[in-house]
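Only the coordinates and a few stated rules stand behind these numbers; no lab work does. The structure displayed is predicted, hence computed values, not measured ones. As a convention, Cβ positions derive from the backbone with ideal geometry for all residues, glycine included, and neighbour counts pool all protein chains shown.
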Amino acid sequence: MRKSLAFLGAQQRMGQAGMTLMEIMVVLLIISLVMGALGFGVFQYLKDAKKKTAQMMVDGVAQQMSLELGENPNKNPEEILEDLVGDKKISSDRDPWGTKLRVETEGEDVCVVSAGPDKRFDTHDDIVNKACRKDKE
């Protein structure tokens, strides 16, 4: 008699060995909510990283442009920018969003501008080098 009761108990447990569809759906819902929250944070971090990269790039290009203008004061700033890329003194004349940098000079002062995330110049999100920001304040 004992063997038959033990056998019946094992059969009942075997019938409940898996998970129900509802349990699986709840687990998938929880996983998707966690992934969505993480994804949102990662995308914001990437946006901020692009802005910081652009700021460092604009500052570096402005320094190189100042040096080159000191050696060649009569040369066109756009030509100097092309020469810097050609001589591999700077990696690119484009910002992280693919827009060509704009260079403006007034005497020895150099202003390098990235159009920013919206890819349009003269908007609120333009990124400029430090010397140019001081002029606008």
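Placing dummy labels 7 Å off each Cα toward the beta-carbon, the span from L28 to D83 is 6.3 nm. For region 77-137 and region 37-70, what is the separation of their Cα centres, given in Å? What the calculation gives is 11 Å, centre to centre. The calculated pair-distance distribution of region 53-136 uses every alpha carbon pair, bins of 5 angstrom beginning at 0, and gives 3, 17, 29, 26, 17, 7, 1 percent.
Its Cα centre serving as origin, region 53-136 has a Cβ charge dipole (Lys and Arg +1, Asp and Glu -1) of approximately 320 debye.
Here the calculated FRET efficiency for A37 and A131, from their Cβ-Cβ distance with R0 = 35 Å, stands at 0.30, rounded to the nearest 0.05. When the pairs K52/K130; K88/K119; K47/K130; K88/K130 are compared against a 18 Å limit on Cα-Cα distance, K88/K119; K47/K130; K88/K130 fall above it. Each residue of region 79-85 was assigned a 3J(HN,Hα) from its phi angle through the Karplus curve 6.51 cos²θ - 1.76 cosθ + 1.60 (θ = phi - 60°); the sequence is 5, 4, 4, 4, 5, 4, 5 Hz, with glycine and proline shown as x.
The phi-based Karplus calculation (6.51 cos²θ - 1.76 cosθ + 1.60; θ = phi - 60°) puts the 3J(HN,Hα) values of region 31-37 at 4, 5, 5, 5, 5, x, 5 Hz, whole numbers, x for Gly and Pro.
Our coupling estimate for region 89-95, obtained by passing each phi through the Karplus curve with A = 6.51, B = -1.76, C = 1.60 and θ = phi - 60°, is 7, 10, 6, 7, 9, 10, 7 Hz, Gly and Pro reported as x.
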